[in-house]
Amino acid sequence: MNDEPAIQIGALVPLTRPGWVEAGRHLLGGLELAVREVNDAGGIAGRPFELVVRDTAAHPQKATAAVDELARLGVAALAGEYHSVVARAAAARADALGLPFLCSSAVLDALTEQPTEWVARLAPAQSRGWQIYADFLLGAGHSRIAVAAEPSVYWASGARILRDHLAPRGGTVVDLDLRALAPAAVGDELVRNRATALLLLVGTPEPAVSIVQSVRRDQRLAEVMIGAPAGQPEFAEWARLLGGDGAAIPFLRYRPERLSPLGARVEAALRERLDEGPSFVAFEGYDTVAVLADVLRSRGTDRARIAESWPRVAVEGTRGPIKFARTPGIGVWQWAWAPIQVVDRDPAEPGRVRILHAD
């Protein structure tokens, strides 16, 4: 590589609590692996590629401040973020500043209040993934579904998507307000409402772990399915904390049943880097850098030219060909769509994932 200064990309990642730290670690692992590979191949037009990482800690104001700082530092674009509410704050600030932002993992449909040319997203919209999850529930025979939710724009959006999709198909959603219920009291509400499924719209490890343990130990609820559409069981921490209790809890993940040769190679490299099987979030991180590197090679580092390139992207990602489009009801450029599965951990072998339903 030549002696020109590095091309810098700002990376927003939750690395400390109350952020979902394990998700942040996987996201950063994917970002860093892809940057290393770009530099090993000669960088961007001979210039080194560099991440400038900022911890958002699941805090919107912290993310907004980080966007301001990174813009002042001269980064060409922003990448990353896992938490939807945080990504929404970052996207609003990036739009205001004219700073391109490729969001890796946040799924909230309304990532921006108004349509913007500055923001693109790799993760599928929440409405698409959670509607697929609702179809899975109905197909598995669940029509009376309890939702244990914490207060959050993201959880409220998920509950609304489920309710709107299930109601015309004969499904009923019962809300359990965790502001008024301790984990040990959830079982009584499930019995009272005759629910056959309980969905965890809550943070992890708590209160998710405590609710699972309480329900699993309640003999009245032996036939109740626990579900976690947001993907809490995706990460190894879930199995470590819950063991067998954490199995057979269906969740969404965004990867195909079979990876391409590129995906398989990256999976092996991520496994070595993370010292465990990579989550779909790690693939999202890798694909984010793959897209940005391609854009920078063809359009240079001018921020406006980067943003103008979203509709021209055509990159082979780890989980399929990536192209961005305008999707009705979504104000950012959207990869439509990443592959979506409903999976769970095998009760006979909690380290193994079973595919229950695929889009």
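The values are calculated or read from the model by the stated rules, or taken from the named source; none is laboratory data. Keep in mind that this is a model prediction, so the values were computed, not measured. Glycine also receives a Cβ, built like all others from the backbone with ideal geometry; neighbour counts cover every protein chain displayed. Just so you know, the surface numbers come from the protein's heavy atoms only, side chains and all, with ligands and any DNA or RNA stripped out. Shrake-Rupley method; radii C 1.70, N 1.55, O 1.52, S 1.80 Å.
Taking only the range 328-343 into account, find how many residues are modelled with pLDDT of 95 or more, more than 13 Å from Y254 (Cα to Cα) and surrounded by fewer than 22 Cβ atoms within 10 Å (Cβ to Cβ). Even if it seems obvious, please write down each step before you answer.
The first filter runs over the range 328-343 and keeps only residues modelled with pLDDT of 95 or more, leaving 330-335, 339-343.
Next, from what is left, pick out any that are more than 13 Å from Y254 (Cα to Cα): 330-334.
The next check asks that each one be surrounded by fewer than 22 Cβ atoms within 10 Å (Cβ to Cβ); those that pass are 330-331.
So the answer is 2.
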Long-range neighbours under 9 Å by Cβ, at least six apart or interchain, first residue over 20 Å from F280 (Cβ atoms) and outside any loop (DSSP other than H, G, I, E, B) within the range 311-332, second modelled with pLDDT under 95 and of a type in the set (A, V, I, L, M): A325/A336
Residue under evaluation A140, criteria (1) aliphatic (A, V, I, L, M); (2) closer than 29 Å to A236 by Cβ; (3) at pLDDT below 95; (4) open to solvent by 50 Å² or more (accessible area, probe 1.4 Å), criterion not met: (3)
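Of the residues A94, A123, A79, A90, which is part of a strand (DSSP E or B), in contact with a strand residue (DSSP E or B) (Cβ under 9 Å, 6 or more places away or on another chain) and buried (at least 23 other Cβ atoms within 10 Å of the Cβ)?
Details: A94 fails: part of a strand (DSSP E or B); A123 fails: part of a strand (DSSP E or B); A90 fails: part of a strand (DSSP E or B).
Answer to the check: A79.
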Whichever residue in the range 55-70 is under 18 Å from the mean Cα position of the chain (by Cα) and not small (G, A, S) and, among such residues, is least open to solvent (accessible area, probe 1.4 Å): T56
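Quick check on my filter: what residues within the range 8-42 are open to solvent by 10 Å² or more (accessible area, probe 1.4 Å) and either at positive phi or not in a helix (DSSP H, G or I) (or both)?
Taking the range 8-42 and keeping what is open to solvent by 10 Å² or more (accessible area, probe 1.4 Å), we get 8, 15-18, 20-22, 25, 28, 32, 35-42.
Result: Q8, L15, T16, R17, P18, W20, A41, G42.
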Neighbours by Cβ (under 7 Å, 6+ apart or cross-chain): first from the range 195-206, under 15 Å from D177 (Cβ atoms); second open to solvent by less than 10 Å² (accessible area, probe 1.4 Å) and part of a loop (DSSP other than H, G, I, E, B): L199/P229
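Being among the aliphatic types (A, V, I, L, M) and over 21 Å from A23 (Cα atoms) narrows it down to one residue among L102, L166, L108, L122; which is it?
Values: L102 fails: over 21 Å from A23 (Cα atoms); L108 fails: over 21 Å from A23 (Cα atoms); L122 fails: over 21 Å from A23 (Cα atoms).
Residue meeting the stated conditions: L166.
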Tally, over the range 11-31, of residues that are in contact with a Phe, Trp or Tyr (Cβ under 9 Å, 6 or more places away or on another chain) and under 19 Å from L70 (Cα atoms): 6
Count - residues of the range 230-260 that are of a type in the set (A, V, I, L, M, F, W, C) and open to solvent by less than 10 Å² (accessible area, probe 1.4 Å): 6
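Here's a check for you: in the range 196-224, which residue that is of a type in the set (S, T, N, Q) and part of a loop (DSSP other than H, G, I, E, B) is nearest to the chain's Cα centre (by Cα)?
To start, the set of residues in the range 196-224 that are of a type in the set (S, T, N, Q) comprises 196, 204, 210, 213-214, 219.
Now drop any that are not part of a loop (DSSP other than H, G, I, E, B), which leaves 196, 204.
On the way: T196: 27, T204: 14 Å.
Among those that are of a type in the set (S, T, N, Q) and part of a loop (DSSP other than H, G, I, E, B), it is T204.
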Neighbours by Cβ (under 8 Å, 6+ apart or cross-chain): first from the range 35-62, farther than 24 Å from P14 by Cβ and polar (S, T, N, Q); second part of a strand (DSSP E or B) and open to solvent by less than 70 Å² (accessible area, probe 1.4 Å): N39/F49
Selection from the range 143-179 of residues that are under 14 Å from N193 (Cα atoms), outside any loop (DSSP other than H, G, I, E, B) and either open to solvent by 30 Å² or more (accessible area, probe 1.4 Å) or among the acidic types (D, E) (or both): R144, T172, D175, D177
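Could you pull out the residue among G227, G263 that is over 16 Å from Y82 (Cβ atoms), assigned to a helix (DSSP H, G or I), open to solvent by less than 10 Å² (accessible area, probe 1.4 Å) and of a type outside the set (D, E)?
On the way: G227 fails: assigned to a helix (DSSP H, G or I).
Of G227, G263, the one residue that is over 16 Å from Y82 (Cβ atoms), assigned to a helix (DSSP H, G or I), open to solvent by less than 10 Å² (accessible area, probe 1.4 Å) and of a type outside the set (D, E) is G263.
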Near pairs, Cβ below 9 angstrom, 6+ apart or cross-chain, from the range 265-278 (free of Cβ contacts under 8 Å to residues at least 12 places away in the same chain) to any residue that is open to solvent by less than 30 Å² (accessible area, probe 1.4 Å) and assigned to a loop (DSSP other than H, G, I, E, B): R265/T318; R271/P278
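For residues that are in contact with a Pro (Cβ under 9 Å, 6 or more places away or on another chain) and among the hydrophobic types (A, V, I, L, M, F, W, C), scanning just the range 162-181, find the one that is nearest to V107 (Cα to Cα).
Here is the first cut: in the range 162-181, the residues in contact with a Pro (Cβ under 9 Å, 6 or more places away or on another chain) are 162, 177-179.
Narrowing the set further to residues that are among the hydrophobic types (A, V, I, L, M, F, W, C) leaves 162, 178.
Values: L162: 15, L178: 23 Å.
Residue satisfying both the conditions and the ranking: L162.
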Test result for R273, surrounded by fewer than 21 Cβ atoms within 10 Å (Cβ to Cβ), assigned to a helix (DSSP H, G or I) and in contact with a helix residue (DSSP H, G or I) (Cβ under 6 Å, 6 or more places away or on another chain): yes
Condition broken by T116, with the remaining ones in (1) assigned to a helix (DSSP H, G or I); (2) in contact (Cβ under 8 Å) with a residue 60 or more places away in the chain; (3) under 18 Å from L78 (Cβ atoms); (4) more than 20 Å from the chain's Cα centre (by Cα) satisfied: (1)
